[in-house]
Every structure is written in C-alpha cells, then in structure tokens.
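Have a look at the structure below before the remarks.
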Amino acid sequence: MDAKELSVFSDAWNTVHLPTDLTVTTVDASVLRLLALFAALTQAKAAVEVGAHDGTTGLALFQGMADDGVLTSVEADPERLRVAKEAFSSSGISHGRTRLIPADPHEVLPRLTDGGYDLFLSSGKPSDHAAFAEQASRLLRPGGIAIFLDVADATDPSKREPSQLSVRQFTEHMQAEEKWLTALLPLADGILVAVLQA
C-alpha cells in the first residue's frame, strides 16, 4: 500500500459520524477523529477552540469530552459562529455546555481563566499559532493538550515565504520549549500536538 492509498484508507477508517447532518467541508475526517480522541484522553471538562469551522471541530471535541464538559469557541466571523451554534443545537448539545464568543481571539484569549482548560485547539491562521501557543501555556492545566492545525509548511525546507517560515519557526520553538512535549503528525495539512508538562 503506497502513501496515497494509505491516506485514502485512513480517511475512510477515521471518518467521524458526527451527531448531525452537517457536512464536513473544512476539516479532514482523520483530524476530527483525532480531536475526539484527545478530548477523551484528557477527559476534558473544559476546552477552548480558536476557529469554529461551522461547528465540525466542536462536535468532534464534544464526542470525547466529559458529559458535563464546556466548550469555549472563539471565532471572529459571526456567520461561522452562527452556523456552529445551529450545529450544536441540532445535535442536542445544551446552551450551558457552550460559550460562543464572536470576537478577535487575540483580544479574548488573554481574558480567559489561567489553568482553567484541559484542551486547546488552534485551527485558525497558522501565522497566529505562536501567539496562541503562549496563551495555551497559560490557559491549560498541567497535562493539558494543545493542538495546532495546518503546520505542514514546517516539514518542507524548500518553502521560503514569510508565512511558511513563521510556521517552521513556530514548530521549532515549540519543540525546543521544555514545558511542552510535542509531536508533529503527518495528518491532513499537518498537526502539531503539544502536552503541557507539569
């Protein structure tokens, strides 16, 4: 089985059966499965995501979170957040389990509670990952997991655009930080997973 066949097989095997008719259009099925898995591994009671992705990432997180877990979703685009809200509602997720904040994440994250979260997802622009990683290290409890999507540029040294270099610098910085235990996963467009050390 070559790499392409393995990727197709992996996507089919990992397809997430979200509890809604929402069509997954923005995030790879294997990534959604991974989000559900990490939420379950941390037994997440509190998670924060940057970027709502029409509710698909949030629904995946809810699959693994504790039954009373609360998701804080920060999204600058109010329309995306509206669609996410509808997706959560149609899936039977109570309003008490969601905090949907239509605002710039750079302004909102610094106001969230220190050490109040088990899982942090950065699925917005890769160029923002470095700033959000600083917030994640403050927001997560020891042992909490931070997930950063779309970091494939970090694996290709031939890519030299400023935005591509910033992603590479971000991943190298995270790998060098003693407070993080990291792994770069070759799923979809690349995922950096980091566990906050105690």
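The values are calculated or read from the model by the stated rules, or taken from the named source; none is laboratory data. No experiment lies behind these values; they were computed from the predicted model shown. Here the Cβ is made from the backbone with ideal geometry for all residues, glycine too, and neighbour counts use every protein chain on show. Ligands, DNA and RNA are excluded from the accessible area calculation, which covers all protein heavy atoms including side chains. Shrake-Rupley method; radii C 1.70, N 1.55, O 1.52, S 1.80 Å.
Taking each residue of segment 26-41 that is within 19 Å of ASP118 (Cβ to Cβ) and looking for partners that are part of a helix (DSSP H, G or I) and among the hydroxyl-bearing types (Ser, Thr, Tyr) with beta-carbon atoms closer than 8 Å, six or more apart or interchain, yields LEU32/THR56; LEU32/THR57; LEU35/THR57. For segment 178-198, the candidate set comprises residues that are closer than 20 Å to ALA47 by Cα and in a loop (DSSP other than H, G, I, E, B); within that set, the residue that is most open to solvent (accessible area, probe 1.4 Å) is ALA198. Do we have ASP54 as at positive phi, of a type in the set (D, E, K, R) and free of Cβ contacts under 8 Å to residues at least 40 places away in the same chain here? Spelling it out, ASP54 is indeed at positive phi, of a type in the set (D, E, K, R) and free of Cβ contacts under 8 Å to residues at least 40 places away in the same chain. Checking each residue in segment 96-153 for being among the aromatic types (Phe, Trp, Tyr) and either in contact (Cβ under 8 Å) with a residue 60 or more places away in the chain or open to solvent by 30 Å² or more (accessible area, probe 1.4 Å) (or both) picks out TYR117, PHE120, PHE132. All of GLN175, GLN164 fail the test of being open to solvent by 80 Å² or more (accessible area, probe 1.4 Å), modelled with pLDDT under 95 and either within 18 Å of LEU35 (Cα to Cα) or in a helix (DSSP H, G or I) (or both), apart from GLN175.
Annotation note: of ASP128, ASP118, ASP114, ASP104, the sole residue that is charged (D, E, K, R), modelled with pLDDT of 95 or more, out of contact with any Cys (no Cβ under 9 Å at 6 or more places or on another chain) and over 17 Å from ILE145 (Cα atoms) is ASP104. Counting only residues that are aliphatic (A, V, I, L, M) and surrounded by 24 or more Cβ atoms within 10 Å (Cβ to Cβ), which one in segment 53-90 is nearest to ALA103 (Cα to Cα)? So the residue we want is VAL74.
Would you mind finding the one in LYS125, LYS159 that is in contact with a helix residue (DSSP H, G or I) (Cβ under 6 Å, 6 or more places away or on another chain) and not polar (S, T, N, Q)? After applying the criteria, what remains is LYS159.
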